[in-house]
Amino acid sequence: MSMLTPPGMGGKYRVTGAAYPRMSRPRRRRRIVLTVLGAVLGLALLGYGSVQLMNVFRGEGGSGKHQSAAGRDCATPKPRAGAAAAASPAAAKPAAALPQPGEITVNVYNATPRAGLAKTVGDELKKRGFIIGKVGNAPADFDKKVPGTGILVGSPTTDKAVFSVLGTQLEGDTQQTDAREGTDVDLILGDAFKDLSPKEAADKELYLLANPQPAPAKTC
């Protein structure tokens, strides 16, 4: 018999129903939970802010672009339309025309003890299209006094391109000028001279001289 059953009822009347008084949780536990959650949220915000600040100092702006694993992108400023239009005529401008071998008169002089060297070289240069002037031994100022492969001698007004074209025919030559007034150029063969450059190599060098290659693009 229940303690709530009035005496004398004989257990006929009982307390029924599902509603019972509930005990509320202590407020202290709730405050602790809220405090912990606030601390976690604050730490998360602090960490996120620190990462963003580091990205700003490292140059990683908030544009949403990520660097690749290989390194930073080499971003080249896009030229303005006006600048591109102004640069187009210069880019399309052909290179300065080089003098042809048939426009260059060469005097071949031998400053070595090797007999007949000037004539041999003169004949080969003639086959390659050059005009051959005087052929013989070198003047006393150069005879047996040229340790290199050769010296190209012209006037102070000689076009540098003439030296360049003739210089493709032999390696290691040097250039100088004297008081002459003509347009001819002297080729004075020195002790280190063995032979002219192979015609194929000379022709290739002439082609590169007339068609300079553009500089390679910058890579990262």
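The values are calculated or read from the model by the stated rules, or taken from the named source; none is laboratory data. What you see is a predicted model; the values in this text were computed from it and never measured. Reconstructed Cβ throughout: ideal geometry from the backbone, glycine too, with neighbour counts over all protein chains shown. These area figures cover heavy atoms from the full protein model, side chains too; ligands, DNA and RNA do not enter into them. Shrake-Rupley method; radii C 1.70, N 1.55, O 1.52, S 1.80 Å.
None of GLY133, GLY167, GLY148 is small (Gly, Ala, Ser), at negative phi, at pLDDT 95 or above and surrounded by 19 or more Cβ atoms within 10 Å (Cβ to Cβ) except GLY167.
Just the residues that are of a type outside the set (Asp, Glu) and in contact with a Phe, Trp or Tyr (Cβ under 8 Å, 6 or more places away or on another chain), please, taken from the range 170-198. Correct list: LEU170, GLN175, VAL185, LEU187, ILE188, LEU189. I'm trying to understand the selection: among the residues of the range 164-220, which are hydroxyl-bearing (Ser, Thr, Tyr) and either over 20 Å from LYS144 (Cα atoms) or touching an Asp or Glu at 6+ places or on another chain (Cβ under 6 Å) (or both)? Passing the criteria: SER164, THR168, THR183, SER197, TYR207, THR219.
Of the strands (runs of 3 or more DSSP E) lying entirely inside the range 101-179, the ones with 3 or more residues being out of contact with any helix residue (DSSP H, G or I) (no Cβ under 8 Å at 6 or more places or on another chain) are found at 150-154, 174-177.
Here ALA161, ALA192, ALA201 are screened, and the one residue that is of a type in the set (Gly, Ala, Ser), without any contact (Cβ under 8 Å) to a residue 24 or more places away in the chain and either open to solvent by less than 70 Å² (accessible area, probe 1.4 Å) or over 17 Å from LEU117 (Cα atoms) (or both) is ALA201. Criterion first (over 15 Å from PRO99 (Cα atoms) and modelled with pLDDT of 95 or more) does ALA161 satisfy it? In short, no. Applying a threshold of 8 Å to beta carbon distances and a minimum spacing of six or more residues, or different chains, the list of pairs starting in the range 209-220 at a residue that is within 22 Å of LYS160 (Cα to Cα) and ending at one that is of a type in the set (A, V, I, L, M, F, W, C) and assigned to a loop (DSSP other than H, G, I, E, B) reads LEU209/LEU98; ALA210/ALA95; ALA210/ALA97; ALA210/LEU98; ASN211/ALA95; PRO212/ALA95. Contact map, the range 119-132: first residue under 16 Å from ASP203 (Cβ atoms), second residue small (Gly, Ala, Ser), Cβ cut-off under 8 Å, separation 6 or more or different chains; pairs are ARG128/ALA202; GLY129/GLY102; PHE130/GLY102.
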